[in-house]
Amino acid sequence: MLKEQTAFNTNNESDNGETNALRNWLNRVHQGDTLEIMGNMPGKSVGVVVTSPPYNLKNSTGNGLKDGRGGKWPNAGLIKGYADHNDSMPHDAYVQWQRDCLSEMMRLLEDDGAIFYNHKWRVQNGVLQDRSDIVDGFPVRQIIIWQRPGGFNHNPGYFLPTYEVIYLIAKPKFVLAPRAGGIGDVWSIPPARGNPHPAPFPFELARRCIQATTADIVLDPFLGSGTTAVAAEYCGRDWIGIELSEDYCEVAQSRIQDGWRGDPT
Ligand SMILES: C[S@@+](CC[C@H](N)C(=O)[O-])C[C@H]1O[C@@H](n2cnc3c(N)ncnc32)[C@H](O)[C@@H]1O
């Protein structure tokens, strides 16, 4: 059962205009630009951020998702980008945007808070994009490998990619929940299934991140289909979700209202 009414908020601020009243932000999907909305939130107000930003995959030089043609990946969910974000920014602009987003997340974190930032490494034009240009200067404490089964291998020159990374970016006072560290830093989790969003992460990934902390309030500034909110409800934590696309907000809203039904995706 939802802890409070899960209103779909398009105001970019709390209902009564008091942007400092944190309770008005809780357990709601806030539709709009994440930097703008995070900018309206009070500082040091959330205990943990669990998120997966757009990966900017459509500026790929490979056989993948470039320019909507899809190359050898005709069924790739992101061929058209996201509903309201084309996922094809110039690399430098993308890096700066993500750094600005991480700075806002750090401002919003309590002194013992942490960010679980899911991303993907790749090689682009022979250059390793290990996302260090995004996270450089932020307090990265650990890198978790999300090991997942691959799909089909379309390229005879490459091994099938089967992992993503989760940066644990933590403020100095952050500690894991009791016994959480024992699960190790390689997490084998199947990808989400049956989710209409083009790039969801699985429920189990969000659940592990949240339950690895004792945070009361969970923020996902790129909420997508609402997986983090569903997992936060399951874990009995309050949450705040931000998502640009109205369509995805509706998907999120409906998944949150449906609640946890035992499907591990
Ligand atoms: C990788 S997806 C997140 C998927 C999510 N973890 C899930 O399980 O469904 C990234 C999301 O960021 C959203 N997005 C892109 N630009 C945004 C912006 N400026 N503000 C808020 N959300 C944005 C996209 O619409 C997309 O849904």
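Readers should treat all values here as calculations from the given coordinates under stated rules, not as data from a laboratory. Everything numeric here is computed off the predicted structure, so don't read it as measured data. Positions of Cβ are backbone-derived with ideal geometry, glycine not excepted, and every protein chain shown enters the neighbour counts.
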Scattering profile of the range 162-225 from the Debye formula, Cα beads only, expressed as log10 I(q)/I(0) at q = 0.14, 0.30 Å⁻¹, is -0.49, -1.57
Share (percent) of C-alpha pair distances in the range 8-258 greater than 25 Å works out to 41
So, over other residues within a Cβ distance under 14 Å of A93, counting Lys, Arg +1 and Asp, Glu -1, the net charge is -2
Long-range alpha-carbon pairs in the range 114-159, meaning those over 15 Å apart, account in percent for 60
Treating every alpha carbon of the range 180-264 as one equal point scatterer without solvent, the Debye formula yields log10 I(q)/I(0) values at q = 0.11, 0.23, 0.26 Å⁻¹ of -0.28, -1.17, -1.42
Mean Cβ-within-10 Å packing, highest first, puts peptides 214-225, 236-247, 147-158, 194-205 in the order 214-225, 236-247, 194-205, 147-158
Note: the range 118-252, point scatterers on Cα, Debye, no solvent; log10 I/I(0) at q = 0.09, 0.14, 0.16 Å⁻¹ equals -0.31, -0.76, -0.99
